[in-house]
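Trainee: Have a look at this one before I ask anything.
Laboratory data are not the source of any read-out in this text; all were calculated from the coordinates shown. All of these numbers come straight from a predicted model, not from anything done at the bench. Using ideal geometry, Cβ is built from the backbone for each residue, glycine included, and neighbour counts are taken over all protein chains shown.
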There are 2 protein chains.
Amino acid sequence: MAEMKCLKDFGEAEILQRLQRFCPAEIIGDDGAVLGFPPGQNLVVTTDVLVDGVHFGDRTMPPEKVGWRAVAANLSDLAAMGATPIGITVGLSLPPETPILWLDQLYQGLAACLGRYSTPLVGGDLTRSPVKTIGITAFGVVSPHRPIQRSTAKVGDVILVTGCHGDSRAGLELLLHGDSHAQTLSTGDRQALIRAHQTPQPRLDVLAYLNPSDSPPAGMDSSDGLADAVLQICQRSGVGAVVEAEKIPLSPALRRYQDPETALRWALYGGEDFELVLCLPPTAAEQLLAKLPGQGAIIGQITAEQTVAIANGAGQTMPLSQTQTFQHFA
Amino acid sequence: MAEMKCLKDFGEAEILQRLQRFCPAEIIGDDGAVLGFPPGQNLVVTTDVLVDGVHFGDRTMPPEKVGWRAVAANLSDLAAMGATPIGITVGLSLPPETPILWLDQLYQGLAACLGRYSTPLVGGDLTRSPVKTIGITAFGVVSPHRPIQRSTAKVGDVILVTGCHGDSRAGLELLLHGDSHAQTLSTGDRQALIRAHQTPQPRLDVLAYLNPSDSPPAGMDSSDGLADAVLQICQRSGVGAVVEAEKIPLSPALRRYQDPETALRWALYGGEDFELVLCLPPTAAEQLLAKLPGQGAIIGQITAEQTVAIANGAGQTMPLSQTQTFQHFA
């Protein structure tokens, strides 16, 4: 059967032809792709590398989901810059014994997420390697005065998140440990949490709701965790913040799955929720919130103190720490 | 000593800070880089992945040279599209036990080649992996009607190469087998051939010599070999070609190093010479040749026959084959 075949059973030209089905016909066959570029815009570029066993694995992720997430993470970085995507490239390294079906399914996942956000796959490279590695570079456009940056948060701004946090971490837990902690979880809750982990939605939709006559908000995405995002923005902007724990939106599924303390820890440190964390004046934040679909919320304020604290409902505060964030080489 | 330390001895933030020295200060610290874009231009994108043990190795290449070549290959792809570079991103995956010095030297090599062609490093990602892997995406700009494509060669065009071929393969041979075949080679010849392999020069300079009132030539670079380039252009353009073996420029060092048959084989199939192979009308080709520094030459003609042949000085021809070209998954 063709589906049982591996990359080594095919010639390079044959494999490339197979992958080119996912590219617009007009850009195939040269040393690079040529893309039209809207006048008066700036170019935004972002890149990510995913390694088998580090960022994905067969245990938690079929190849379609690996592809979806890889694209979603990069499109989320563009959204976090206020940029609209115009294309991505994919640099793949795969062992010769990789089933051709794995490659097909990876590309189906890439294409599904790209299609959802009307973004073409405009180039790539495929080479052999002992380890499956996926490098994605995404390109977008932004008006010269509209990029969202980490460094522009101001005292008096409020901190707005565009959706729930902690679900991705909960979905990972369910994939890794299955039923052991979750006997009471409904199928619907379970599926919602796993979906949050496997097919995250980059918040490109949020850009359309920003008022173009306001200054762009400060911000970034919460791919490395909500705590990390607040800490990074404060550090780069030279400000502090107070985050109110009870205002962080948690999904009903997560609340039913975990005790409040675990849910909060996952919301702050779990990462990969791919929401936007934006800092903007209170009125602008309220206006944005009114337009946002889903469970956005104002979760805190930017302060003049150089500390970043989290407050509970009882008025107690403690410093928000970075210690639980992921260190690649630790 | 700091130089003996490995990546795992450093925090992620510390390593990223080290690498950010190589980036322009204004683009650091956000989810993506923002780049100005010249009005009325198109964007050209190309990407390449290099894997330790497949595309480079300690035996033939110190890390600075790995870095230089990785950039040169991508800038050559831009040159092959007629595009001027505006930036690159680097996605790196490295084992935690990689010496920090290796990383520093890789970046010094990347920066040396980028500096030579006034191109900024505008982003990257660094992650752990069992295998050293370098993914580079380069982007450039080209006027909407100026891209060089493979598909536009016309009957009556001549085939021009912008420089010598075979030297890169000869340099590799010297690096792999040292003195065994080369007792008589001078130090100067040896160094020239090794330099051709380790620090190739992408032919971005050629773009300035093309007459902007002519149609752009058809073409591509010879990174996968001169034979491959001629075959690809003919296949994509629906034409044939005759290449005259004796007109392919070979360096004096290569002629002194190898017999004529080996030298020709390396020129045709060795690859990685990173010259441009251009098809254009005879008068335009002569004009370009007059301006080109180095050893450019007109090596053949585009024909209406659907065959690609190579002719020797005695008037004998044989089909130019693709069988000696590199198949990644073979």
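Trainee: So if I place +1 on the C-beta of Lys and Arg and -1 on the C-beta of Asp and Glu, and nothing else carries charge, what would the dipole magnitude of chain A be about its Cα centre? I want it in debye, nearest 20.
Mentor: 280 debye
Trainee: With r as the distance between the Cβ atoms of B:A290 and B:A314 and R0 = 41 Å, compute the FRET efficiency 1/(1 + (r/R0)^6) and round to 0.05.
Mentor: 0.85
Trainee: Say a paramagnetic label sat at a point 7 Å from the Cα of B:H177, along Cα to Cβ; which residues of segment B:255-294 have their backbone N under 11 Å from it?
Mentor: So the set is B:258-259.
Trainee: Checking the cross-link filter: which lysines have an alpha carbon closer than 21 Å to that of A:K154, excluding same-chain neighbours under 8 positions apart?
Mentor: A:K247
Trainee: In addition: Going 7 Å from the Cα of A:S186 toward and past its Cβ, which residues in segment A:268-297 have a backbone nitrogen under 19 Å from where you end up?
Mentor: Counting backbone N atoms under 19 Å from the label point, the list is A:295.
Trainee: Any idea what the relative contact order of segment B:196-330 is, in percent, if you count C-alpha pairs under 8 Å spaced at least 6 apart?
Mentor: 39 percent
Trainee: About the Cα centre of segment B:232-317, how large is the charge dipole given +1 on each Lys and Arg Cβ and -1 on each Asp and Glu Cβ? Please answer in debye to the nearest 20.
Mentor: 100 debye
Trainee: Going by the alpha-carbon gyration tensor, a ≥ b ≥ c the square roots of its eigenvalues, is segment B:87-236 rounded (a/c under 1.5) or, if a/c is not under 1.5, prolate (a/b greater than b/c) versus oblate? Can you show the working numbers first?
Mentor: Details: a/c = 2.11, a/b = 1.25, b/c = 1.69.
It comes out oblate by the Cα gyration axes.
Trainee: Taking only Cα atoms, what is the 0 to 90° angle, nearest 10, from helix B:187-198's long axis to the longest principal axis of chain B?
Mentor: Around 70 degrees separate the two axes.
Trainee: Which one, A:P282, A:Y257, A:L268, projects farthest toward the positive side of the charge dipole computed for segment A:246-287 from Cβ point charges (K/R +1, D/E -1)?
Mentor: The residue sitting most towards the positive pole is A:Y257.
Trainee: Tell me, rounded to the nearest percent, the portion of alpha carbon pairs in the protein assembly as shown spaced more than 39 Å apart.
Mentor: Result: 35 percent of Cα pairs exceed 39 Å.
Trainee: Percent relative contact order of chain B, based on C-alpha pairs within less than 8 angstrom and at least six residues apart?
Mentor: Details: 685 pairs, mean separation 72.9, N = 330.
So the answer I get is 22 percent.
Trainee: To the nearest 20 debye, what charge dipole does segment A:150-319 have about its Cα centre, counting +1 at the Cβ of each Lys and Arg and -1 at the Cβ of each Asp and Glu?
Mentor: 140 debye
Trainee: In 10 Å bins starting at 0, how do the alpha-carbon pair distances of segment A:150-319 split up by percent?
Mentor: In whole percents, the pair-distance histogram is 11, 40, 33, 14, 2, 0.
Trainee: Work out the charge dipole of segment A:150-319 with +1 on the Cβ of Lys and Arg and -1 on the Cβ of Asp and Glu about the Cα centre, then indicate which of A:G163, A:L210, A:Q306 is farthest towards its positive end.
Mentor: A:L210
Trainee: Also, I was wondering about something else. Taking 51 Å as R0, compute the FRET efficiency from the Cβ-Cβ separation of B:H145 and B:R265 and round it to 0.05.
Mentor: 0.85
Trainee: Below 30 Å, Cα to Cα, which lysines can A:K65 reach? Residues fewer than 8 away in the same chain don't count.
Mentor: List returned: A:K5, A:K8, A:K132, A:K291, B:K8, B:K132.
Trainee: While we're on this one: After finding the eigenvalues of the alpha carbon gyration tensor for chain B, what semi-axes result from the square roots of 5 times each, listed largest first in whole Å? Spell out each step's value before the answer.
Mentor: Values: eigenvalues 252, 130, 50 Å².
Its equivalent ellipsoid spans semi-axes of 36, 25, 16 Å.
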